[in-house]
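What follows draws every value from the coordinates through simple rules; no lab data is involved. None of these values were measured; they are calculated from a predicted model. For neighbour counting, all protein chains shown are included, and Cβ atoms are generated from backbone atoms with ideal geometry for every residue, glycine included.
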Amino acid sequence: MDKVILGTRKYKAGYEVRTELYSADFEVVSIEGEVDADMQKLIDAIMAKEHVIIKSAYTPSGDYIGDSRRAYHLIVKRGIKPEKANPAHSVCSIGFCEREQKWYGWSHRAIWGFGVGSEVKKGDCCANSGYTEEYLAEHLEDDLSLPVGFVAKDLTDALKMAIAFANSVG
């Protein structure tokens, strides 16, 4: 997919929204059998190479936050400064709220905050990596879960909890 930035609007709250034009360039191949009329309509739509315009939010350093509503909710409403949980990631999934002195972790499904004194309890998302045991047997480094009973003694521990949460619900 090709992307062209049509415009950028910077907000005082500390994020920007880019209007991006994407060109959908697909190749469609029939797997087997004949193509019925409905399938042909779908193939024709995909092959039309339509363009899609999307408004996406980014941090000032260019890290993807999500759509403009998500950025507004996180930054303006909640006071969270989004960042990536890992430099290798492409999407912000954690952030710090100065006002509450909490680290937050999130995905498209959930958000939760962790501060000094937060504790990992049985059944909590940060107590589970979200991966199957078979996967973890081969990729132990992906298990960021924390043990039940872990208590955040400082904001560094709260950050670990936010990262484990985001990893689990992502």
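Side notes on the structure shown:
- Percentage relative contact order, the chain, counting C-alpha pairs under 8 Å, at least six apart: 16
- Highest-first arrangement of 130-141, 95-106, 6-17, where packing means the average Cβ count within 10 Å: 95-106, 6-17, 130-141
- Within the chain, DSSP assigns beta bridges of which about 95% are antiparallel (rounded to the nearest 5).
- Residues whose amide H lies under 5 Å from that of ILE80, counting only those 5 or more places away or on a different chain, are ILE75; hydrogens are built 1.01 Å from N in the peptide plane.
- Estimated translational D of the chain in µm²/s (Stokes, Kirkwood radius over Cα pairs; 4 °C; 1.567 mPa s): 70
- The angle between the Cα long axis of helix 155-169 and the main principal axis of the chain comes to about 30°, on a 0 to 90 degree scale.
- Enclosing the Cα atoms of the range 56-157 in their convex hull gives a volume equal to 119 cubic angstrom per residue.
- Folded to 0 to 90 degrees: helix 37-47 orientation relative to the chain principal axis, Cα: 70
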